[in-house]
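Notes for the one structure printed next.
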Amino acid sequence: MSRLELGVCYYPEQWDRSLWRDDARRMVEMGLDWVRIAEFTWGLIEPERGQFNWGWLDEVISILGEAGLRVMMSTPTAAPPKWLIDEYPGILPVGSDGRVRGFGSRRHYCFSSEVYLSEARRIATEYARRYGQNPYVRAWQIDNEYNDHDTVLSYSGAARDGFRRWLADRYGSIEKLNNTWGTVFWGSAYSSFDQVELPNGLVASANPTHALDFARYSSDRVRLFNRAQVDVLRELSPGRDITHNFMAGSFEFDHHAVAADLDIAGFDSYPLGNLLESTLLDEDKRRYLRTGAPDYQGFHCDLYRSQGSGRMWVLEQQPGPVDWAEKNPSPADGMVRLWTWAAYAHGAQAVMFFRWRQAKFAQEQFHTALLRSDGSPDQAAVELAQVASERNTLPLSTRVRAQVAILLDYESIWAAEILPHDAAFPNAQIYREWYAGLRSLGIDLDFVGTGDDLSGYALIVIPQCMIVSPDLAAKLRACQAKLLIGARAGSKTNDMHTPQNLAPGELADLTGVRILRVESLPDLAQETVRLQDGTKHEFTGWREIVETNETLIASFSSTYRDGSPAIVRSDRAIYLAMVPRGALLQAVLTEALNWVGIPITESSPDLRITRRGDLQFAFNFGPDEQPLPDVKTRKYLVGASVIPPFGVSIWVEEAAT
Ligand code: GAL
């Protein structure tokens, strides 16, 4: 049970120290509880190896703490200093084009560098010794946004050496590697681990198991790097929560695994910044240009809340226009408040705004903040003040387990990227589309990973899970949930091979289907899926030719194998032989929810309803007023039964008298 806590990201090193005390006072006046600092300060704290300049940071922490703020300290490993790079140039990451990515911005390190790993441990130890027991330091952030600027996959010499060691460890013998990778194909067998190179810069596509193993190796390096700092902080800063700020839309490493080592799964929420590059239709991009797509933030909140076992913080919340997308529009007035309440409704314990004052120099000058660069309050400060006062009207609350969970598997996302068959296969995007489809039917959602406890759900939806291990299949069999399973599930083994019994491999008994062939169609194909009630929906892209004795829910109308099964239902699972989108997806999701008996609430596309314990929230992402149903037992704590554009209403149900 918790009330919403509020915070801000602060860069005192960029401002004259005469401002610090007043900044702290104003933060408290605005209702902020937390201040996150220091994630890019290594070069300032240790300007030369072994020379430490702590004084200014000591002073900042005292000023903030004495003003009544709790400090989230950061380890500064996202920006190694120039002297360190000069000492060990091998720390730098290498792009897939083989070019070294240099010093002068940030994240210029390779996760595979053993030197950097030990330097990161060393500097984390210095910071933790200095501040680990400081009474004002109440939490830690490790590093900053692991995959920012695409830095998880690095093709350096260190990566090659590390990958070879990882392979030797995984396979034990080169014969085993050759068999598993199937290097007999194109005669690419190896005679020792030292011959194996990284899967970039090749003439044609890399061997898929080679590429998947490199993705797994790279993900393991992130976990190891994070874990090394967790261990330092656990020892030297007991009692403080440890977090990392994951990114929205990042799937390049296994976030389930990294989150398992943290206390809080944090993430950075920039709902507008990612809109234009999304696959939404232009008309939707236009409609949500100043709000962000209604489910974009919610998706990440629910995903990371689930990974944090209920503990999720927004560590950076967009305050106004950002500076890093192709185009950077202003959010509509009201959206910073809406996003903040929506994060809370989806389970956030705290929301921290990025950043306190807009920068006057260097890279992010156009990025807005709570304050303008002259110190005057910008729109986000006005909305923050409103949230800070509204939160006092709410009772404490916590999210409860949902009835429906989405199974999200990072390895399957990498696998589908490596072996797409359909170049436009939506892959990670499928998860967002299914999430949005379910949310628009009024369903609250959890996420689960393949290692998680699956019990207690009525329905588990599996949009894309190409690799299904025997363990996962056994868990799915043993849990009580009904399953909605998307195409190509179980189509590869852990080794990236076709299962002996063909797809869906380990899911054959649960689904009662056998996939005889797959094809992928271009958009111009104009083929349809025909449901049992006679309605028809266009589909394109991935299609499977299915053999089954189970109940047919829909079939294909096609110029090839007309009438072949498109949707099949067994007693435990609905299986889809294509990737439904748009209206077809809504029909499929509705079918599954009706089957399980979960009630659906359809509402305007701009409206989202979310529950957090006894509190219910409604958010209006559109430009028109949204009336809520006239329910007498609702007691509104914030807003009312008609929600203005970009507005929020929060209520509890009272017993009818
Ligand atoms: C984040 C990053 C911050 C800042 C912000 C700007 O990705 O963590 O340091 O650059 O973007 O929106």
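The values are calculated or read from the model by the stated rules, or taken from the named source; none is laboratory data. This one's a predicted model, so the numbers in the text were calculated from it and none came from an experiment. Cβ: placed from backbone, ideal geometry, glycine included. Neighbour counts: every protein chain shown.
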statement: Picked from the stretch 302-353 (must be within 12 Å of the ligand (Cβ to nearest atom) and small (Gly, Ala, Ser)), the residue surrounded by the fewest Cβ atoms within 10 Å (Cβ to Cβ) is 325
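Taking the conditions exactly as written (part of a helix (DSSP H, G or I), surrounded by fewer than 16 Cβ atoms within 10 Å (Cβ to Cβ) and free of Cβ contacts under 8 Å to residues at least 24 places away in the same chain), does residue 129 satisfy them or not? Give the steps one after another, and end with the answer.
Details: part of a helix (DSSP H, G or I): yes; surrounded by fewer than 16 Cβ atoms within 10 Å (Cβ to Cβ): yes; free of Cβ contacts under 8 Å to residues at least 24 places away in the same chain: no.
Criteria not met by residue 129.
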Flag if residue 153 is in a loop (DSSP other than H, G, I, E, B) and hydrophobic (A, V, I, L, M, F, W, C): yes
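Residues in the stretch 595-641 that are among the hydrophobic types (A, V, I, L, M, F, W, C) and part of a strand (DSSP E or B): how many?
8
When the residues of the stretch 473-483 are narrowed to those that are out of contact with any helix residue (DSSP H, G or I) (no Cβ under 7 Å at 6 or more places or on another chain) and not in a loop (DSSP other than H, G, I, E, B), which ends up nearest to residue 435 (Cα to Cα)?
Among them, the one singled out is 475.
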message: Show the residue pairs meeting these rules: Cβ distance below 6 Å; 6+ apart or different chains; first residue within the stretch 144-165 and more than 14 Å from the ligand (Cβ to nearest atom); second residue among the hydroxyl-bearing types (Ser, Thr, Tyr).
response: 152/218; 153/218; 155/96; 158/112; 158/113; 159/112; 162/112; 163/217
- line: When every residue in the stretch 548-571 that is among the charged types (D, E, K, R) and touching a Ser or Thr at 6+ places or on another chain (Cβ under 8 Å) is compared, the one nearest to residue 476 (Cα to Cα) is 569
- request: Report those helices (runs of 4 or more DSSP H) wholly inside the stretch 1-74 carrying at least 3 residues which are within 16 Å of the ligand (Cβ to nearest atom).
  value: 42-45
message: Can you find a residue that is surrounded by 19 or more Cβ atoms within 10 Å (Cβ to Cβ), within 16 Å of the ligand (Cβ to nearest atom), in the same structural domain as residue 272 (by TED's automatic domain parsing) and of a type in the set (Gly, Ala, Ser) anywhere in the stretch 372-384?
response: yes
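Quick check on the stretch 268-301: of everything there that is of a type in the set (Phe, Trp, Tyr) and within 16 Å of the ligand (Cβ to nearest atom), which residue is surrounded by the fewest Cβ atoms within 10 Å (Cβ to Cβ)? It would help to see each step written out before you state the result.
Residues of the stretch 268-301 that are of a type in the set (Phe, Trp, Tyr), as a first pass: 270, 288, 296, 299.
Narrowing the set further to residues that are within 16 Å of the ligand (Cβ to nearest atom) leaves 270, 296.
Details: 270: 22, 296: 24.
Out of the qualifying residues, it is 270.
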message: Considering only residues that are assigned to a loop (DSSP other than H, G, I, E, B) and among the small types (Gly, Ala, Ser), which ones fall in the stretch 373-396?
response: 373, 375, 376
- prompt: When you scan the stretch 260-372 for strands (runs of 3 or more DSSP E) that lie fully inside it, which ones turn up with 1 or more residues that are touching a Cys at 6+ places or on another chain (Cβ under 7 Å) and under 25 Å from residue 219 (Cα atoms)?
  reply: 312-317
